[in-house]
Amino acid sequence: AEEALRESEEKFKAIFGRAAIGIAITDDRGFIHDCNPAYQELLGYSNEELRKKCFIEFTHPDDVDRNVELQRQLDRGLIGKYQLEKRYIRKDGHVVWTRITASAIRNPDGSLKHNLAIAEDITERKRAEEALKRSEADLDRAQEIAHVGSWRWDKVRGKGEWTDECYRILGYEPGE
């Protein structure tokens, strides 16, 4: 039994330490109990520095309220887990977008023991989404200025899509 326990601990440590995605274990007040190297790299802090911090301290101010509310629901057992896209502020001041998946680790009596947070860096995806939004807005504006529109037909769904300018050219309101 002792050998099996030792092997299990070694396996956990290996997975925790080598995971390519950030993992943090927090106490019931949100303070970091432990975190893996990927989480440290994501935030730019050492494990020792993070162990003195509550997750709110490096969460972007605009994302704190939503994160705290979800965490309260999790702690109270109202939800089993949650996912949230939020921003962290790294030690160097740069903002990094993450997708957090959080779940509660409970004692046998159901009380909260720890929280587990898995943090995936989605900064590049967010940048790509913003670039796409800007490009779409630019195209819409260019079509409006040039008074040209475009459309496409989705053969699979059997449905067509028009740009807003196509509607205007044909005398319809967008969506009509």
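Name the residue that is farthest from Lys81 (Cα to Cα), counting only residues in segment 118-149 that are within 34 Å of the chain's Cα centre (by Cα) and of a type in the set (S, T, N, Q). Here the answer is Ser135. For segment 62-75, the set of residues classified as open to solvent by 90 Å² or more (accessible area, probe 1.4 Å) and in contact with a strand residue (DSSP E or B) (Cβ under 9 Å, 6 or more places away or on another chain) consists of Asp62, Arg66, listed by residue number. Taking only pairs six or more apart or across chains, which ones have beta-carbon atoms under 6 Å, a first residue in segment 149-176 that is outside any strand (DSSP E or B), and a second residue that is among the small types (Gly, Ala, Ser)? As it stands, the answer is Thr163/Gly149; Thr163/Ser150; Glu165/Gly149; Cys166/Gly149; Ile169/Gly149, since those pairs meet every condition given.
Scanning segment 119-130 turns up no residue that is among the aliphatic types (A, V, I, L, M), more than 30 Å from Phe55 (Cα to Cα) and part of a helix (DSSP H, G or I). Could you say whether any residue in segment 36-52 is open to solvent by less than 50 Å² (accessible area, probe 1.4 Å), more than 19 Å from Asp121 (Cβ to Cβ) and touching a strand residue (DSSP E or B) at 6+ places or on another chain (Cβ under 7 Å)? Within segment 36-52, not a single residue is open to solvent by less than 50 Å² (accessible area, probe 1.4 Å), more than 19 Å from Asp121 (Cβ to Cβ) and touching a strand residue (DSSP E or B) at 6+ places or on another chain (Cβ under 7 Å).
The values are calculated or read from the model by the stated rules, or taken from the named source; none is laboratory data. Computed from a predicted structure; not experimentally measured. Quick reminder, even Gly has a Cβ in these numbers, built from the backbone with ideal geometry, and neighbours come from all protein chains shown. Side chains are part of the model used for accessible areas, which takes the heavy atoms of the whole protein and leaves out ligands, DNA and RNA. Shrake-Rupley method; radii C 1.70, N 1.55, O 1.52, S 1.80 Å.
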